[in-house]
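One structure is given here, and the rest of the page talks about it.
The values are calculated or read from the model by the stated rules, or taken from the named source; none is laboratory data. On a predicted model such as this, the values are computed, not experimentally measured, just so you know. Neighbour counts are summed over all protein chains in view; Cβ atoms, including those assigned to glycine, are modelled from backbone coordinates with ideal geometry. Heavy atoms of the whole protein, side chains included, go into the accessibility calculation; ligands, DNA and RNA do not. Shrake-Rupley method; radii C 1.70, N 1.55, O 1.52, S 1.80 Å.
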Amino acid sequence: MSHAVTTAPDKPLVVLNQRTIWLIFGALMASMFLSSLDQTIVGTAMPTIVGELNGVEHQGWVITAYILAIAIAMPLYGKFGDLYGRRWPFLVAVALFVVASLGGGMAQSFEALVAWRAVQGLGGGGLMILSQAIIADIIPASDRGKYMGPMGALFGISAVAGPLLGGWLTDGPGWRWTFWINVPIGIAAWFIAYFALKLPSHRSGRPTDWGGILTMALGTTGIVLLTSWESLGNDGYDWSDPTLLGLLLGTAVMVGLFVFIENRVAEPLIPLRLFKNRTFTITTLIGLVLGMGMFSAMAMLPTFLQMSAGAGVTESGLLMLPMMAGVMLTSIVSGFAISKTGRYKMYPVVGLAVTILGMIWLTRLEGGMSLWLFGAMIFVLGAGMGLIMQTIVLAVQNSVDPKELGTATSSNNFFREIGAAVGTAAFTTVFTSRLTDNLQGVFEGLPEGAAPGSGGSSLTPALVEQLPEPLRSGVVDAFADSLAPAFWYLVPLVAVGLVLAFFLKEVKLSNQAGMVARGEAVMEGAAEPVAQASGVAVLDRDASNDGGRDDGRDDGRDDGRDEDRRETDILNR
C-alpha cells in the first residue's frame, strides 16, 4: 500500500540549484557529525568513566543504551518525515541531542549516565536517518554517490575523531566535557538547520501506528536485554530464573505482535511488504551483520590500547587514525566511481571480503605489539567498511518509491542499529566475562581487600600503570587475552553478509531527486516538476503492482514479477 503526500497548493515549489543543495548538504553534515561522533567519543574515555562511577562490569551499556535508543527512534523519524515533512522532526532531534548532552555531562551515577545516553540516542537517531533521507530528497541517485562518499567519510572521521577527542578531553578538562562539547556545537547546528532547511511540510490523514511503535520499542529493548543478560546478572543464563524466562517470553510476544500489527494497519511503521523488494532485503541483512561487527570492534579497541598496549588516553585516540584513513579513502573513491559508472554491486562484495580479513587479523592482537602493525590491522578494517556503508543505503533508496524514501531508509538503518546494539552487547559480554575470569587468576592469592580496583571492577588505565610487577603484566595480558579471541565470534557474521552481497541485483540509478519525483520541487531551469510537466501523477510503484489497491491487503503471491515491474518503473523514470 502507499500513502498520499499532500503539498499545500499555496506553497511555492522548492527550487533546487547548486547553491541550495550545498547549503542543505552543509547543514546535514554538521548535524550528522554530532550524532556519529557520540557513538565513539566515549570509547577512549570509558575506562576512566566507568572506573569513577563504579560500572566496569556494565560498561557496554554506555554505548548500548545510545545505540538502542537510536534504533527505536529511527523508524519514527523515517515514517513521520514521509508523512509530515522532515524539517521540524530534524530540529526536534537536534534539540533533544543538545539537552541530553548537557545532562550526560552532569551525571553523578552510572545509571544516570546510561539514562542520558539513551535520551541522546533518541535525538541522534533523527539526525542520522533524516540526513540520509533529505539527501535523497534533493539529489538524484545517479549523482548521489559524490555526496554520499563524503558522508561515509564523515562516519570514518567521527569513528576516529571521537576516540581522539574523548581522550584529549579526558586527559585535560575531564571526561564530562565529552558530553558538554556537544552543547555549543548543537546549538549552532540547530540555528543553521532552522535557516538552511527550507523543506516542505505537509499533512497526512493516515492514522498513527501506535501499536507498531509500542511493540517495536518493547521488542527491540527485550532483544538487547537478552543479549546483555551476562552483564546484567551475576549467574549467567540460568534458565530457571523466572525473570530471564519472562523477558524471553515477553520479547517473543512483542515481536509477534509487531508483525501481526504491521500486516493490518493502514500506515505501518515498518511496512513488511518492503521485504518483497530483494534489494531492500539483502541490503538490510548486510547492514545487520555489519552493524554487529563494526560497532563492536570500534567500541573496545581504544580500551585495548590503553590497558594492554600502554597507550595514554589521547594517544589511543591518535592510534585509531589509520581506521579513519581507510574509511575516508574507500568511501570517497567508491562514491565518485559509482556516480561516474552507475555501477555499485561490486563495492559491498569487495568491502565485506576486506572486512573479514581485517577481523581475522585482529584476532592476533597481543599486549605490547607493534603499533605500526596495529595501525595496518585497523586500516584494512576501515577500508572494508568504507566500501559498504553508504553504498547499501544508496541501493535501498534507489529501489523504492520516492514517497517512501524516509520509511525505507529508516527501516534499513533500524536493522543495522539492532545489529550494532546486539553485537556490542554480546561482544562486550564475551569480553567482560573472559576478562573477569582472567583478572581473578591475576589477583588470586592476594590477601582479602588487597586486590586493586575492587578486584578489577574499578580498574582505570592510571591505576594499571601504577601496579607493581608482575601484577601489571598480568592485567595487560588479561585484557589482550580477553579481547583478541572475541573477534572470532564476528567473522562468521560478516561472512554471511558477503554471501548475501553476491545476490544483490544492480538497478540503474534514477536521475530524479525525491522531491522532484513527488512534485514538491523543481530543478533550477525547469519550468515545473517532471511528473507534472508530463501530465501524469508521480508513479506509485506499489500501487502499480497491485492494480491500485490500497486496502491494506496482500494476496501473498510473489513470483518475482513485482520486483521486475518495480525495476522497470525505476528505469523509466
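Could you put 506, 469, 520 in order of accessible surface area, largest first, with the 1.4 Å probe and the full protein assembly present? Present the calculation step by step, with values, prior to reporting the outcome.
Details: 506 55, 469 115, 520 5 Å².
These residues rank, largest area first, as 469, 506, 520.
Using a 1.4 Å probe and ignoring any ligands, DNA or RNA, find the accessible area of residue 88 and quote it in Å² to the nearest 10.
Surface open to solvent at residue 88 totals about 130 Å².
Need one number: nm distance between label points at residue 22 and residue 88, each 7 Å from Cα along Cα→Cβ, rounded to one decimal.
Simple spin-label model gives 3.2 nm for this pair.
Using Stokes-Einstein with the Kirkwood hydrodynamic radius over Cα pairs, what translational diffusion coefficient do you get for segment 110-192 at 4 °C and a viscosity of 1.567 mPa s, in µm²/s rounded to a whole number? Numbers along the way, then the final one.
Working: Rh = 15.0 Å.
Approximately 87 µm²/s, per Stokes-Einstein.
So how far apart, in nm, are the two label points at residue 363 and residue 511 if each is 7 Å from Cα heading toward Cβ?
That separation, rounded to one decimal, is 4.9 nm.
Please arrange 362, 373, 288 by accessible surface area, largest first, computed with a 1.4 Å probe and ligands excluded.
On the way: 362 0, 373 70, 288 50 Å².
The ordering from most to least exposed comes out as 373, 288, 362.
Residue 201 accessible area, nearest 10 Å², 1.4 Å probe?
40
In terms of modelled amide H atoms, which long-range or inter-chain residues lie less than 5 Å from the amide H of residue 523?
Here the answer is 16, since their amide H atoms fall under 5 Å of that of residue 523.
Viscosity 1.306 mPa s, temperature 10 °C: give me the Stokes-Einstein translational D for segment 166-205 in µm²/s, with Rh taken as the Kirkwood radius over C-alpha pairs.
Working: Rh = 12.7 Å.
Translational diffusion coefficient: 125 µm²/s.
Running Debye on segment 97-249 with equal point scatterers at the Cα sites and no solvent, what base-10 log of I(q)/I(0) appears at q = 0.09 Å⁻¹?
-0.48
For residue 29 and residue 195, what does the FRET efficiency come to when R0 = 22 Å and r is the distance between their Cβ atoms, rounded to the nearest 0.05? Mind showing how you got there, number by number?
On the way: r = 16 Å, r/R0 = 0.71.
Working from the Cβ atoms, E equals 0.90.
Tally Lys and Arg at +1 and Asp and Glu at -1 over the other residues with C-beta under 11 Å from the C-beta of residue 481: what net charge comes out?
Details: positive: 434; negative: 366, 437, 477.
Counting the neighbours of residue 481, the net charge comes to -2.
Quick one: ranking 372, 177 by accessible area, 1.4 Å probe, largest first, what do you get? Don't skip to the answer; put the middle values down first.
Values: 372 220, 177 115 Å².
Ranking 372, 177 by accessible area, largest first, yields 372, 177.
If you put +1 on each Lys and Arg Cβ and -1 on each Asp and Glu Cβ, how big is the dipole of segment 74-213 around its Cα centre, in Debye rounded to 20? Provide the component values of the computation, followed by the final result.
Numbers: 10 positive and 6 negative charges, 73 e Å.
Result for segment 74-213 is approximately 340 debye, rounded to the nearest 20.
Using the structure shown, list the pairs from 345/508; 198/508; 146/345 with a Cα-Cα distance above 22 Å, or answer none.
Numbers: 345/508 11 Å; 198/508 30 Å; 146/345 16 Å.
Check vs 22 Å cut-off fails for 198/508.
For residue 276, which lysines qualify as cross-link partners when the Cα separation must be under 18 Å and same-chain residues fewer than eight apart are set aside?
Within the straight-line cut-off, residue 276 pairs with 403, 505.
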